[in-house]
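Colleague: Okay, handing you the structure first.
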Amino acid sequence: MDQAYYKAYYHLERKHWWFLVRKKIIAERIRTLLRNPANLQSLNVGAATGATSDMLTEFGSVMSIEYDATCTEFAKTYMTTPIEQGSILGLPYEANQYDLVTALDVIEHVEDHQLAVQELWRVCKPGGHIVITVPAYQFLWSRHDLINHHFRRYTLSQLTDLFQPLQGKFIYQTYYNSFLFLPIATYRWLMNGLQKLLGKKEKPVGKYDYEVLGTGGWLNQILSGIFHLDYHCLKGGIRFPAGVSIMIFFQKDAPTSP
């Protein structure tokens with residue numbers, strides 16, 4: 001992919017309703033669950049064009065890593081925090097190095113997601129936290145997932161099962177983007193049904209979600225307002241039983257005193 005694509009994605013991450021509200025939700029959850037942390041050393045894995053890395057600077061220093069080399073070079077031209085190219089399947093960092101490790105809508109892009117989670121855990125300090133978000137429910141699979149090169153979508157139990165071999169505990173888990181769940185599910189079911197009627201050989205129907213659900217103007221404002229309902233509910237302590245996305249916080253075990 002070329003620089004023009006990442007320039008467009010840069011603006012998408014900073015203007016589109018879904019990116020803006022998701023970033024606000026994650027920042028609030030970190031602030032609340034980790035009790036207003038400061039001076040953290042954070043690692044943002046799969047940073048893309050760096051909007052989430054900018055968000056994490058509220059809590060301390062941030063190192064970013066991005067798999068795509070072109071995206072990494074593009075991000076280096078404007079980011080004020082460091083970013084380097086590398087893979088989640090072999091993070092180029094020492095074990096037990098970071099207080100906070102984030103992979104925000106990343107592991108669904110990786111075939112070996114078990115190894116990806118193990119790497120996140122390896123570089124996290126004992127007592128530190130791992131934050132992961134992923135798309136939910138395989139029955140919501142659509143052209144959006146194909147365009148984004150996803151391998152899968154998850155249920156909450158499928159995501160938490162990846163952590164079963166690892167030492168630590170979940171301190172938070174929830175579905176979110178729940179108020180828009182039915183509209184998004186209905187659209188995807190309709191598009192998938194139309195594709196079956198047309199047959200696999202026909203041009204794929206449906207679009208990138210960001211094209212369908214708005215990137216600006218009044219529709220962007222309406223959808224942002226609806227997604228903000230999730231923000232206020234989560235902030236108020238509500239956990240959703242279903243949604244388009246999933247979020248978990250996992251704390252790595254600290255060493256026990258002799």
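The values are calculated or read from the model by the stated rules, or taken from the named source; none is laboratory data. Given the structure is predicted, the values throughout are model-derived calculations rather than measurements. In this analysis, Cβ positions are derived from the backbone assuming ideal geometry, glycine residues included, and neighbour counts consider all displayed protein chains. Just so you know, the surface numbers come from the protein's heavy atoms only, side chains and all, with ligands and any DNA or RNA stripped out. Shrake-Rupley method; radii C 1.70, N 1.55, O 1.52, S 1.80 Å.
Colleague: Explain nothing, just compute: Karplus ³J(HN,Hα) = 6.51 cos²θ - 1.76 cosθ + 1.60, θ = phi - 60°, for every residue of the stretch 37-47 in order, whole Hz, x for Gly and Pro.
Modeller: Rounded to whole hertz, the list is x, 9, 6, 6, 9, 10, 10, 9, 8, x, 6.
Colleague: What does a probe at residue 194 reach in the stretch 139-178, counting residues whose amide N is under 15 Å from the point 7 Å along Cα→Cβ?
Modeller: Hits in the stretch 139-178 for residue 194 at 15 Å: 142-144.
Colleague: Let me ask something else. If you roll a 1.4 Å probe over the chain with all protein chains in place, what percent of the accessible area is carbon or sulfur?
Modeller: On the way: 7000 of 12400 Å².
That fraction is 56 percent.
Colleague: Among all the aspartates and glutamates, which ones have a C-alpha under 16 Å from residue 235's C-alpha, if same-chain residues fewer than 8 places away are not counted?
Modeller: Answer for residue 235, where 16 Å is the Cα cut-off: 28, listed by chain and number.
Colleague: Using θ = phi - 60° and the Karplus relation 6.51 cos²θ - 1.76 cosθ + 1.60, list the HN-Hα couplings for the stretch 156-165 in order, rounded to whole Hz, with x at every Gly or Pro.
Modeller: 4, 5, 5, 6, 5, 4, 5, 9, 4, x
Colleague: Would you grab the residues whose amide H sits under 5 Å from the one on residue 98? Only those 5+ places off in sequence or on another chain, please, with H modelled 1.01 Å from N.
Modeller: Distant-sequence amide H within range of residue 98: 124, 125.
Colleague: Would you mind working out the accessible area per residue for the chain, using a 1.4 Å probe, and quoting it in Å²?
Modeller: On the way: 12400 Å² over 258 residues.
Here the residues of the chain average 48 Å² of exposed surface.
Colleague: Same structure again: Quick one: 3J(HN,Hα) in Hz for the stretch 246-254, Karplus 6.51/-1.76/1.60 with θ = phi - 60°, rounded, Gly and Pro as x.
Modeller: These are the phi-based 3J(HN,Hα) values: 10, 9, 9, 10, 10, 9, 6, 4, 7 Hz.
Colleague: Just to verify a number: FRET efficiency for residue 70 and residue 141, C-beta to C-beta distance, R0 = 41 Å, to 0.05?
Modeller: On the way: r = 27 Å, r/R0 = 0.66.
That gives a FRET efficiency of 0.90.
Colleague: Would you mind working out the magnitude of the charge dipole of the chain relative to its Cα centre, with +1 at each Lys and Arg C-beta and -1 at each Asp and Glu C-beta, to the nearest 20 Debye?
Modeller: It works out to roughly 760 debye.
Colleague: Pull up all non-local amide H partners of residue 68: gap of 5 or more, or a different chain, and H-to-H distance under 5 Å with H placed in the peptide plane.
Modeller: The list, which skips near neighbours in sequence, is empty: none.
Colleague: How much length would be gained if the chain were fully extended between residue 242 and residue 158, taking 0.36 nm per residue of separation minus their Cα-Cα distance, in nm to one decimal?
Modeller: Values: separation 84, 0.36 × 84 = 30.24 nm, distance 1.38 nm.
Full-extension gain reported as 28.9 nm.
Colleague: Would you work out which of 199, 247, 62 lies farthest towards the positive end of the dipole of the chain, given +1 charges on the beta-carbon of Lys and Arg and -1 on that of Asp and Glu, about the Cα centre?
Modeller: Among 199, 247, 62, the one farthest towards the positive end of the dipole of the chain is 199.
Colleague: Per the Cauchy relation, a quarter of the hull surface: what is the mean projected area of the convex hull of the alpha carbons in the stretch 219-258, in nm²? Walk me through the numbers before you get to the answer.
Modeller: Numbers: hull surface 18.6 nm².
Value for the stretch 219-258: 4.7 nm².
Colleague: Ok, one more. Show the residues, 5+ positions off or on another chain, whose built amide H is closer than 5 Å to the amide H of residue 40.
Modeller: The answer is 60, 61.
Colleague: Let me ask you something else. How long are the three semi-axes of the equivalent ellipsoid of the stretch 5-48, in whole Å, if each is the root of 5 times an eigenvalue of the C-alpha gyration tensor, listed from largest down?
Modeller: Details: eigenvalues 117, 38, 9 Å².
After diagonalising the Cα gyration tensor, the semi-axes are 24, 14, 7 Å.
Colleague: Considering the dipole of the chain built from charges on the beta carbon (Lys and Arg +1, Asp and Glu -1) around the Cα centre, which of 37, 97, 86 is farthest to its positive end?
Modeller: Value computed over the given set: 37.
Colleague: Pairs 23/125; 15/169; 76/169; 24/76: which exceed 28 Å Cα-Cα? Intermediate results must be reported in sequence, preceding the final value.
Modeller: Details: 23/125 24 Å; 15/169 35 Å; 76/169 35 Å; 24/76 24 Å.
Exceeds cut-off: 15/169; 76/169.
Colleague: Over all distinct Cα pairs, what is the inverse of the mean 1/r for the chain, reported as the Kirkwood hydrodynamic radius in Å? Don't jump to the answer; show the numbers that get you there.
Modeller: On the way: mean 1/r = 0.0525 Å⁻¹.
So the Kirkwood estimate lands at 19.0 Å.
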